[in-house]
Amino acid sequence: MSRVTIVPEEDRLNAQIAFATEIDKLKRIIRRNLLIDGSRRENTAEHSWYVGTLAMILGEHAPPGTDLQRVVAMLLVHDLVEIDAGDTFIYDPVEVAAQAEAERAAADRVFGLLPADQGTWMRELWDEFEARETPEARFAKALDRFAPILANHHTEGGTWPLFKVRAEQVREKVRIIEEGSPSLGAYALELVELSVARGHLSE
């Protein structure tokens with residue numbers, strides 16, 4: 001009986017399909033914040049699509065020369081680690097303390113499913129996003145922080161009153177937005193102050 005040998009091209013495709021199957025799991029990771037219509041909580045796959053689209057429509061608020069295609073790619077992969085690590089609530093210090101180690105392990109496994117060249121490329125995008133040392137990463141992180149503030153503003157505070165989040169905690173996250181985009185940071189701060197004025201966010 002002859003032995004069937006898988007050619008390298010088939011190995012590569014099999015790895016890509018394995019990755020494609022694995023990342024479908026991102027659709028089942030439920031985040032804390034609500035959809036803007038308040039009907040339900042969003043999942044992480046929806047969040048990644050949303051902030052990637054925001055990068056395209058709000059790109060003029062990025063620093064001049066920012067590579068928006070890289071920003072979009074970064075945002076599409078930035079939360080794939082949640083397949084293993086889950087969603088971290090940024091206002092919970094216990095969850096945040098354990099986040100980095102869990103997400104690094106997840107990145108090793110998830111991106112390791114791909115052929116080496118593609119896995120390295122996606123892991124570099126993820127590492128760049130986490131480090132926030134480039135204009136692209138800072139703008140991507142700004143959008144990642146901007147989206148929940150926008151959603152909470154449109155849902156009468158959304159998760160803020162539910163988890164007893166205070167205005168100063170949110171303003172701290174706005175500083176991250178300002179680092180990536182001063183104009184979006186200013187707009188986010190306006191939303192925070194308006195939410196305070198409306199009684200949807202406590203001082």
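For the range 57-83, how many residues meet the condition of being touching an Asp or Glu at 6+ places or on another chain (Cβ under 9 Å) and among the β-branched types (Val, Ile, Thr)?
4
Output yes when any residue across the range 163-180 is at negative phi and in a loop (DSSP other than H, G, I, E, B), and no when none is.
yes
Which residues, taken from the range 69-91, are touching a residue at least 60 places away in the same chain (Cβ under 8 Å) and not aromatic (Phe, Trp, Tyr)?
Within the range 69-91, 70, 71, 74, 75, 78, 83, 90 meet the criteria.
Does residue 122 count as farther than 20 Å from residue 20 by Cα and not β-branched (Val, Ile, Thr)?
Answer is no for this residue.
Could you go through the range 183-191 and let me know if any residue there is modelled with pLDDT of 95 or more and closer than 27 Å to residue 122 by Cα.
yes
Determine which member of the set 155, 120 is without any contact (Cβ under 8 Å) to a residue 40 or more places away in the chain and among the polar types (S, T, N, Q).
On inspection, the qualifying residue turns out to be 120.
Could you grab me the full set of residues in the range 162-177 that are of a type in the set (Asp, Glu) and in contact (Cβ under 8 Å) with a residue 24 or more places away in the chain?
168
The values are calculated or read from the model by the stated rules, or taken from the named source; none is laboratory data. Predicted, not measured: the structure shown is a model, and the values here were computed from it. Quick reminder, even Gly has a Cβ in these numbers, built from the backbone with ideal geometry, and neighbours come from all protein chains shown.
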